[in-house]
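Below: the structure, in structure tokens.
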There are 4 protein chains.
Amino acid sequence: MATKKGLLQRLDEGVVIGDGGFVFALEKRGYVKAGPWTPEATIEHPEAVRQLHREFLRAGADVMQAFTFYASDDKLANRGNESSKKYTCRGINDAACRLAREVAEEGDGLVAGGLSQTPTYLSGLGKEKTQREFQNQVDVFVQNKVDFLIAEYFEHVEEMEWAIEVCLNSGLPVVASMCIGPEGDLHGISAGECGVRMAKAGAHVVGINCHFDPFVTVQGLRLMKAALDREGLKVHLIAQPLAFHTPDAGKQGFIDLPEFPFGLEPRICTRWDMHKYARECYDLGVRYIGGCCGFEPYHIRAVAEELAKERGTFPKGCEKHEPWAGGLKMHTKPWVRARAGREYWENLRPSSGRPYSAAMSKPDNWGVTAGDDILKQKTASTTEDEIKILKTKKTKA
Amino acid sequence: MATKKGLLQRLDEGVVIGDGGFVFALEKRGYVKAGPWTPEATIEHPEAVRQLHREFLRAGADVMQAFTFYASDDKLANRGNESSKKYTCRGINDAACRLAREVAEEGDGLVAGGLSQTPTYLSGLGKEKTQREFQNQVDVFVQNKVDFLIAEYFEHVEEMEWAIEVCLNSGLPVVASMCIGPEGDLHGISAGECGVRMAKAGAHVVGINCHFDPFVTVQGLRLMKAALDREGLKVHLIAQPLAFHTPDAGKQGFIDLPEFPFGLEPRICTRWDMHKYARECYDLGVRYIGGCCGFEPYHIRAVAEELAKERGTFPKGCEKHEPWAGGLKMHTKPWVRARAGREYWENLRPSSGRPYSAAMSKPDNWGVTAGDDILKQKTASTTEDEIKILKTKKTKA
Amino acid sequence: MATKKGLLQRLDEGVVIGDGGFVFALEKRGYVKAGPWTPEATIEHPEAVRQLHREFLRAGADVMQAFTFYASDDKLANRGNESSKKYTCRGINDAACRLAREVAEEGDGLVAGGLSQTPTYLSGLGKEKTQREFQNQVDVFVQNKVDFLIAEYFEHVEEMEWAIEVCLNSGLPVVASMCIGPEGDLHGISAGECGVRMAKAGAHVVGINCHFDPFVTVQGLRLMKAALDREGLKVHLIAQPLAFHTPDAGKQGFIDLPEFPFGLEPRICTRWDMHKYARECYDLGVRYIGGCCGFEPYHIRAVAEELAKERGTFPKGCEKHEPWAGGLKMHTKPWVRARAGREYWENLRPSSGRPYSAAMSKPDNWGVTAGDDILKQKTASTTEDEIKILKTKKTKA
Amino acid sequence: MATKKGLLQRLDEGVVIGDGGFVFALEKRGYVKAGPWTPEATIEHPEAVRQLHREFLRAGADVMQAFTFYASDDKLANRGNESSKKYTCRGINDAACRLAREVAEEGDGLVAGGLSQTPTYLSGLGKEKTQREFQNQVDVFVQNKVDFLIAEYFEHVEEMEWAIEVCLNSGLPVVASMCIGPEGDLHGISAGECGVRMAKAGAHVVGINCHFDPFVTVQGLRLMKAALDREGLKVHLIAQPLAFHTPDAGKQGFIDLPEFPFGLEPRICTRWDMHKYARECYDLGVRYIGGCCGFEPYHIRAVAEELAKERGTFPKGCEKHEPWAGGLKMHTKPWVRARAGREYWENLRPSSGRPYSAAMSKPDNWGVTAGDDILKQKTASTTEDEIKILKTKKTKA
């Protein structure tokens, strides 16, 4: 481990490939509950978490991000989630770090510990309480000797700044990534300004993850980069978008779309979309390129294949995947063999087989959310009566 | 194991839930090569195969189908596939049976050994040589004491009859399932007639798998059932369709669609589609209900949830999934909590986020294939020159 | 006039081109009221009716169909229509015949008098009363010396047989055309059987008009022709479909579609669709080829252009339209000049510019209607209360 | 005529409704040739031109715009157009004015003479020659005592300024309207700047016509209005957009779309789209509201109905059209009667019945065009060889 190059050196020298989204992949595999989205699977089903890490490693990921999303004490107890009765923040985070390290050692992977936004902040409980939640997780990361920290999935740059402050105390490299689009954060602060504030707060790498598709995310990063350039700030950029097409999403991204989270299938990106995404990132100067919700191992593999020449290496998983559909030359049907080539797949505009569905949806458009009462933390699950009230609000909006 | 109920008894008493598709799921995870689609992963990466079995078991599957698809000697050597240089049919099938049994014992699962159509038949080499390929696999299944046999993914009922004949010699229950749609097999024999011939050949369960979506498959089964009823034949029915929408596919199913196999994402069924599918099957009298390519564990879980009342049980995996999106009551965003209910998801017609794609595709429509020269087996991979010729043929068609 | 060839001779010798739809075209021009759809414009605005006749003549139509649709006394008084207070059936039909004749004499056109289905029949008032409505119109047609009669837009073959009986008494050639699709009439009688019954009732030409798009209509005619051939019946065939795409319509055709009648725009056929339609008709043996609702003069011109070689003539209107977009060679923009050719337009799949609309709609599916109470004639307009009840019924259906 | 209120007084007091597009409507009726799009029909078929004027008058139009589009001498002789051999600019413009006046006198209509951009400008022949073309038309307008002048369909604000200069010499009110979108003119000048320059050049009314759909046009006007406000310029605004949806069009508008001009049908706006358009215009402060290509009389009627309250009057044509589908209460089918109301039509998202078409198209994107050699005027028609070269250029672009 001592001989491994660190994150920042790798970024200076070339491209670092991130992994994909754990909560969505493991929800489909049966180990994460949609709604709370907490990672108690690290204790309950370590073999499932380990297997997913391994698949991303094989696909070309350089980073094993410990599965610690939403694993703060306040989130584990929120809205009827029973995880907090069985497990602690410490237990879940500790197990997550050990699983990530175990698989990272099977290759040349780095381990990252991850923080995300907290119900404490959304409930308006202030900086001190919010930072205490972060500190609890960072303590575990430091004890487990992770290689760097990622503060990701923040909707408000203010909370992000508090997280960066906590992270920097660890002495580890800090990546800061917000779940915003070109319109900026949910307090109305522009994407460019968010980038600048994260850099000024001391993050070594800044960027965007989740909430929007690869191409909308690149647009957001373009704005961030322009603002950083204007300010003369030198930091690396990270992109870890959704693997769902979201050209129609509003300010809150895919969460606002009517399909979230159980009808997103027709929006899933193809591997060819990911080639295009990787190239756009690279051309913009983004050097940490990974994925978030919806990114399966084969999406990461496509990123690795697109950048194989720049990186000088093909991922292991390519023993089972020849670039640009080369494997189809072995198909039994002759007309499928005729699809073994780049031109065919680059030009395909795939159909949905759903003639009663429209191409785009109108999002719910809840817009900017700051200190709204209905966002406050509750330990009890939502009641049927509360849902009725919510539906009324939505109709009016 | 002695106390387990057998397949036929289970079918007489209620519903048996099958598992989902291994080749597509493991291709995305990095362990199967698209094109040859052969299952050498049973030897190369047993932990990945085991994990997928386990996920289906948790999701509610009653059957662990050994991962032996296309694992006949002739297929392992076809069109440049290097598997035959490293592994034998015997080795792959043996490993597959052991993995399936191992996971089946973690629950109350049955193990099935599976045969599929052969290049030998497609190359016109005759009954004796074709049956020899089948016998080689069945020998391994018998030695491994599988609970029953599935002959599936046959495009020609003639080859299926030969397979059933071999399977019956084992003394085990035999399931026979063709990859056809309402238009019938690729020699032009109707779906109804295919059902009748499989039943007359002695299969205990007959039906359809792969190539078409759940709803087109139910249409095909409806024709099969009507023909069986007309002939007074009493057999059980099986459905194991794709998890891709294919209303626009022609005779050859999804293989003809321009999106096959690397652009099918917008066609992926939602879990709610699977509720509908399970109900339609049950109402038609189908009692063996599973999936094929594209079916991920959460699709099988949806089948199990839809039929939970009829089966008197919820699958284990439901500890992480409340029926009809109940878990969303714990979501942080209030308007997502408002989606926690059946009506919302049953009425959603999900958008693709792809405004430049059409809803439906024109299939390549190669139609009936019988003894066509370009279908003959070759051990060499297709050359660039051959692909040029194929493209010309397609343009003319 | 004496020297003009009659309809039947023309059909024996080649193709007769019909005109397009008057009610929809004149609704958009401001002279017909959607809802009652009655032709009092023949008296109120003769110049507008004359102009539309003239446009169809220029476009290549051989027939000037007098604008007598729904001009029976019972329909003029139905559901609050005030036409019956100002005009008589006799007056409207008489004016219609004179306008048609006037324009027909500007070329080599034939004049047809048209009958359509009656509220009297739908209200279950019996054969005698229904035939009296028809006789009133036929009397005017005979006095005006029309060249032949068309009984068209009938949903029930029984009423059609009554109409044919009345028409035959005039001694004129009789064309019989039902507004049905491949599923047959609204009493559940098959399309083939409808064709046979019309021929046996004595019609000289039988076929289909309105309610379905050109391609669905050709499917219906294919069924009709097969049944006529089986019975050895020799009659000519007529097609006068909608100019709206209706692949998704149910038994009642476009009336069931949610877009009827004020949201049909995205379904309007292009001129290139009409080339294809004309060719399909011709190849099937249909010799009377025209249009119904939605057919504008340029659609008829496209039919005439497609069949120009077979007919040995181009319509006058082609002085302003070169076949297959030839006129675009004179466009100021170079890339539009590059579109001057057949291949471009035959391969275009035009977009709707409506990303929030689906490709297909679920029809209301009221299905077979026979003697349903809500179909009975009323002279009063529908009240708000009745509409509320109707909406409830629909929700249940 | 002496008692009629003039244009500017009417605009100060309320809304003036324009007419719709003549070239597209008369092309479909058979009197205008697509490609050259010149108005020789004023001489060849005056009855057809008169009838269309009359329909717009009945629909609620306050302005009869003489059909003088592209009727400059240079355009009549361009690219093989034979009009110049038979007719003069003077003859066509004179006939156009008389037809417009004749119909205007049937109501309270104003007559406008219209100029549009010239091949002379596009060929780079300079200000003097370009203005001579304008002057030739204006001379005829003045002799015919039109009520005001419209310079419309200009892609370059420079040419527009030259046109305004000529128009102002007549002493008549001058309306100036460019065929641009939110991206501005084809020399790259912003929409706002175009508005300002037209106002500073002396136009009394400025705005946008053609090339983009109603909603994109309103966006463009919003930019124009903001720029005018910033400069403190007080002029009235005019909107005369397409009746085709163009959310996907690039800088050159619908001419770039692959569907132009013979595959635009699925993009045609409904009457309900026009209600929305009229309301958006009114709310923005636009007071001259009409249409361009694709606007049929019923579209103008919808504008008049939406603004009936503000204008205190319903158009004559409404004797045949009750607002918000009221006439459907008289329909024979009960479920169609249930559609007689505003809510139904406002919420409808109409389907295209074209499942093989995408929602949006990629435009050809020729972008800014200034002095490009291929834009120069030629009297000869484009040859096949030139078209081959054009196609190559397009593929590269």
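A short reminder: the numbers here are calculations on the coordinates, not readings from a lab. Small disclaimer: the values here were computed from a predicted structure and weren't measured. Here the Cβ positions follow ideal geometry from the backbone for every residue, glycine too, while neighbour counts run over all protein chains shown.
If we count every other residue with Cβ under 10 angstrom of A:PHE262's Cβ, Lys/Arg +1 and Asp/Glu -1, where does the sum land?
In short, -1.
If the elastic network links every pair of Cα atoms under 10 Å, which of B:PRO261, B:PRO350, B:PRO315 fluctuates the most in the Gaussian network model of chain B?
Evaluated over chain B, the most mobile residue of the options is B:PRO350.
Helix hunt in chain B: which complete DSSP H runs extend at least 18 Å axially by C-alpha with mean Kyte-Doolittle at least -0.5?
B:89-104, B:214-231
Could you tell me which of the pairs A:LYS378/B:LYS320; A:LYS251/B:LYS316; A:LYS85/A:LYS362; C:LYS28/C:LYS276 are separated by over 30 angstrom between their Cα atoms in the structure shown?
Cα-Cα > 30 Å for A:LYS251/B:LYS316; A:LYS85/A:LYS362; rest within.
With point charges of +1 on the Cβ of Lys and Arg and -1 on the Cβ of Asp and Glu, referenced to the Cα centre of region A:7-396, which listed residue (A:GLY30, A:CYS318, A:ALA340) lies farthest in the positive direction of the dipole?
Of the listed residues, the answer is A:ALA340.
5 Å is the cut-off here: which amide hydrogens, built 1.01 Å from N in the peptide plane, fall below it relative to C:GLY184, excluding neighbours closer than 5 in sequence?
Counting only residues 5 or more places away or on other chains, the set is C:ALA191.
Within 10 Å of each candidate Cβ there may be at most 12 other Cβ atoms; applying that plus a DSSP loop requirement, which trypsin sites (Lys or Arg not before Pro) in region D:182-247 survive?
Of the trypsin sites (Lys or Arg not before Pro), the ones in loops of region D:182-247 whose Cβ has at most 12 other Cβ atoms within 10 Å are D:LYS234.
I want to verify the translational diffusion coefficient of region A:127-258 in µm²/s; compute it with Stokes-Einstein, Rh as the Kirkwood radius over Cα pairs, at 10 °C and 1.306 mPa s.
107
Using only the alpha-carbon atoms of the protein assembly as shown, report the extent along each of the three principal axes, biggest first, to the nearest angstrom.
95, 81, 66
Taking the Cα centre as origin and putting +1 on Lys and Arg beta-carbons and -1 on Asp and Glu beta-carbons, what dipole magnitude results for region D:7-396, to the nearest 20 debye?
Here region D:7-396 has a charge dipole of around 940 debye.
If I histogram all Cα-Cα distances within region C:287-337 using bins 10 Å wide from 0, what percent of pairs lands in each bin?
22, 44, 26, 7
How much of the DSSP bridge set in region D:7-396 is antiparallel, in percent, rounded to the nearest 5?
5
Which FRET efficiency, nearest 0.05, do A:LEU284 and B:GLU47 yield, Cβ-Cβ r, R0 30 Å?
0.20
Rank the residues D:SER170, A:SER116 as a footprinting-exposure proxy: fewest other Cβ atoms within 10 Å of their Cβ go first.
D:SER170, A:SER116
Helix-only mean residue ellipticity at 222 nm, chain C, DSSP H runs n ≥ 4 weighted -39,500 (n - 2.57), per residue, nearest 500. What is it?
-12000 deg cm²/dmol
Can you give the Kirkwood hydrodynamic radius for region D:7-396, in Å, rounded to one decimal and based on Cα pairs?
Computed over region D:7-396, the radius equals 21.3 Å.
Lys/Arg Cβ at +1, Asp/Glu Cβ at -1, dipole of chain B taken about the Cα centre: which of B:LEU328, B:GLY195, B:TYR153 is farthest positive-ward?
B:LEU328
Which residue, D:GLU159, D:GLU82, D:GLU40, tops the fluctuation ranking in a GNM of chain D built on C-alpha contacts under 10 Å?
Maximum fluctuation in the GNM of chain D, among the listed residues, is at D:GLU82.
Would you tally the net charge around A:GLN137, using a Cβ to Cβ cut-off of less than 13 Å, leaving A:GLN137 out, and scoring K and R as +1, D and E as -1?
Summing Lys and Arg as +1 and Asp and Glu as -1 gives -3.
What would the Debye formula give as log10 I(q)/I(0) at q = 0.10, 0.11, 0.23 Å⁻¹ for the alpha-carbon point model of region B:188-281, no solvent?
For region B:188-281, the Cα-only Debye profile gives -0.28, -0.34, -1.12.
Which of B:CYS293, B:CYS167, B:CYS318 moves most in a GNM of chain B, Cα contacts under 10 Å?
Largest GNM mean-square fluctuation: B:CYS318.
Taking 7 Å along the Cα-to-C-beta vector as the label spot, tell me the A:LYS4-C:LEU8 distance in nanometres, rounded to one decimal.
Computed distance between label sites A:LYS4 and C:LEU8 equals 9.3 nm.
How do B:ASP385, B:ASP147, C:ASP73 rank when sorted from fewest to most other Cβ atoms within 10 Å of their own Cβ?
In increasing order of surrounding Cβ atoms, one gets B:ASP385, C:ASP73, B:ASP147.
What does the charge count near B:GLY80 come to, summing +1 for each Lys or Arg and -1 for each Asp or Glu among other residues with Cβ under 10 Å from its Cβ?
+2
Mean projection of the alpha-carbon convex hull of region C:1-94 over all orientations, in nm²?
7.1
Would region A:281-369 count as rounded, prolate or oblate if I go by the C-alpha gyration tensor, calling it rounded below 1.5 in a/c and otherwise prolate when a/b exceeds b/c, oblate otherwise?
Judged from the Cα gyration tensor, region A:281-369 comes out oblate (a/c at least 1.5, b/c at or above a/b).
To two decimal places, what compactness ratio does region C:175-218 give when its Cα radius of gyration is scaled by 2.2 N^0.38 Å?
1.06
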